[in-house]
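The values are calculated or read from the model by the stated rules, or taken from the named source; none is laboratory data. Given the structure is predicted, the values throughout are model-derived calculations rather than measurements. All Cβ positions, even for glycine, are placed from backbone atoms using ideal geometry, and neighbour counts span all protein chains on display.
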Amino acid sequence: MSEQLDRLQALLAPPALGAGMFPPNSRYAGIATATLVQDDGRPVVYLRRRFVPAPERLGLLGEHLVVQGERLDQIAAQELGDAEGFWRVCDANRALRPADLTAEIGRRLRITLPEGMPGSDDA
């Protein structure tokens, strides 16, 4: 009975933090972890800081003209093929608040490749 309980608890336990716990399309994919040992000796595992890349370093794919009623997840799905890639549009346009990017109708948003992938500068 104890062995079954141990297996059940292992299945229900949250996954350990780590760079591999995030899907490849996550802004946190590949971010390393670190451990802080508290005064009482308990370890606390956390993700290291993610540094947002400078938009100028991102390969430009093109631009998107914001229209009435659009949401950033819809733009990401249309332009990148992944609604969860909205954070890439934020990074490419120096946005701290995603809603700011669609607040102004007619705004041109930069659509870029992920950091480290060369792209076109004249899209």
## Note on the structure
Expected output for the stretch 93-108 (first residue over 14 Å from Leu65 (Cβ atoms), partner among the polar types (S, T, N, Q) and at pLDDT 95 or above, Cβ below 9 Å, 6+ apart or cross-chain) is Asp100/Asn93
### Task
Select from the stretch 24-75 the residues that are of a type in the set (Gly, Ala, Ser) and under 18 Å from Arg88 (Cβ atoms) and write down the one among them that is modelled with the highest pLDDT.
Gly62
